[in-house]
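Peer 1: I am attaching a structure below and will ask some questions about it afterwards.
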Amino acid sequence: TEDVELDPNRKYTHSVDSVKYHGRWITLSQLVPLNIYNQTAYSLVAETNFFNEFNFYTEKIVKPMLGKRLFIVISGQHYLRNLRAMGFKTFDGIIDETYDTMKDNDLRTEAVIKQLAWYCKLSPNEKNNVMRTLEPIVLHNFNHFYGEFRHIITQELITNTKTLFRDIGYDDNHINYD
């Protein structure tokens with residue numbers, strides 16, 4: 001975006017490369033492309049792990065939440081279900097999210113593509129109606145990310161750390177987890 005300061009003598013090849021954005025150094029993966037978001041209606045999130053063994057949540061899903069956007073996700077089975085379990089809302093009822101339940105990767109991808117095609121075929125008036133319907137969901141996700149989710153994820157990190165220490169026999173009595 002035009003708010004990013006790039007060094008013309010540098011080759012940017014990785015999402016961890018740093019750029020200056022509004023006077024602050026951040027990595028490319030932290031950049032939320034608001035100018036692009038303002039010109040488009042939804043985000044297709046292609047998560048890092050597409051297979052069903054586990055769900056892995058990255059900046060790719062956080063960005064549309066912070067941008068208050070509709071997102072459709074290509075990822076492993078139950079990605080959306082598990083996202084909802086963390087207190088976020090998704091768009092079932094507005095779009096058909098049954099793709100999230102499909103075990104077969106190819107069928108799941110085809111179902112995602114059908115949802116993208118469905119949205120693209122809507123009239124401008126129908127798209128505006130969809131956007132109005134989304135508003136409470138995207139606001140919830142934005143507020144949840146900066147609110148309760150922070151506490152949920154912190155507690156999960158503490159619980160996992162305690163479990164790890166117990167499993168490896170490390171005495172963590174000197175650590176104040178509060």
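Peer 1: For a Förster distance of 30 Å, can you work out the FRET efficiency between the beta-carbons of D96 and Y146, rounded to the nearest 0.05? Intermediate results must be reported in sequence, preceding the final value.
Peer 2: On the way: r = 29 Å, r/R0 = 0.97.
So the FRET efficiency works out to roughly 0.55.
Peer 1: Within the accessible area of segment 41-156, what % is carbon and sulfur when the probe is 1.4 Å and the other protein chains stay in place? Walk me through the numbers on the way to the answer.
Peer 2: Numbers: 3640 of 6340 Å².
That fraction is 57 percent.
Peer 1: Karplus couplings for segment 41-57 from phi (6.51 cos²θ - 1.76 cosθ + 1.60, θ = phi - 60°), rounded to Hz, Gly and Pro as x?
Peer 2: My calculation for segment 41-57 gives 9, 8, 10, 8, 9, 9, 5, 4, 9, 9, 8, 8, 4, 6, 9, 10, 9 Hz in order.
Peer 1: Rounded to the nearest 5, what % of the DSSP beta bridges within the chain are antiparallel ones? Don't skip to the answer; put the middle values down first.
Peer 2: Working: 6 of 12 bridges.
DSSP beta bridges in the chain are roughly 50 percent antiparallel.
Peer 1: Moving to a separate point now. For A46, list long-range residues whose amide hydrogen, built 1.01 Å from N in the peptide plane, is under 5 Å from its own amide hydrogen.
Peer 2: Amide H to amide H, under 5 Å and 5 or more residues apart or across chains, A46 pairs with I74.
Peer 1: Moving on to the next point. How much FRET efficiency would the formula 1/(1 + (r/R0)^6) give for E59 and S123, where r is the Cβ-Cβ distance and R0 is 35 Å, rounded to 0.05? Mind dumping the intermediate values first?
Peer 2: Details: r = 33 Å, r/R0 = 0.95.
That gives a FRET efficiency of 0.60.
Peer 1: DSSP loop trypsin sites (Lys or Arg not before Pro) in segment 28-132 with at most 11 other Cβ atoms within 10 Å of their Cβ, which ones? Could you put the intermediate results ahead of the total?
Peer 2: Working: sites: K60, K68, R69, R81, R84, K89, K103, R108, K114, K121, K127, R132; in loops: K68, R69, K89, K103, K121.
Answer by residue number: K103, K121.
Peer 1: If you average the sequence gap of Cα pairs under 8 Å that are 6 or more apart and divide by the length of segment 26-91, what percent do you get for the contact order? Don't skip to the answer; put the middle values down first.
Peer 2: Values: 70 pairs, mean separation 22.3, N = 66.
Here the relative contact order equals 34 percent.
Peer 1: Let me ask something else about it. Using alpha carbons only, what's the Rg to Rh ratio of segment 26-175 with Rh from Kirkwood? Each step should come with its number before you reach the end.
Peer 2: On the way: Rg = 17.8 Å, Rh = 17.1 Å.
Expressed as Rg/Rh, it is 1.04.
Peer 1: If you filter segment 1-101 for chymotrypsin sites (Phe, Trp or Tyr not before Pro), then keep DSSP loop positions with at most 16 other Cβ within 10 Å, what is left? Don't skip to the answer; put the middle values down first.
Peer 2: Numbers: sites: Y12, Y21, W25, Y37, Y42, F50, F51, F54, F56, Y57, F71, Y79, F88, F91, Y99; in loops: Y12, F50, F51, F54, F56, Y57, F88, F91.
For chymotrypsin sites (Phe, Trp or Tyr not before Pro) across segment 1-101 that sit outside H, G, I, E and B with at most 16 neighbouring Cβ atoms in 10 Å, the list reads Y12, F50, F51, F54, F56.
The values are calculated or read from the model by the stated rules, or taken from the named source; none is laboratory data. Nothing here was measured: the structure is a model prediction, and the numbers come from that model. Positions of Cβ are backbone-derived with ideal geometry, glycine not excepted, and every protein chain shown enters the neighbour counts. Surface accessibility is based on the protein's heavy atoms, side chains included, excluding ligands, DNA and RNA. Shrake-Rupley method; radii C 1.70, N 1.55, O 1.52, S 1.80 Å.
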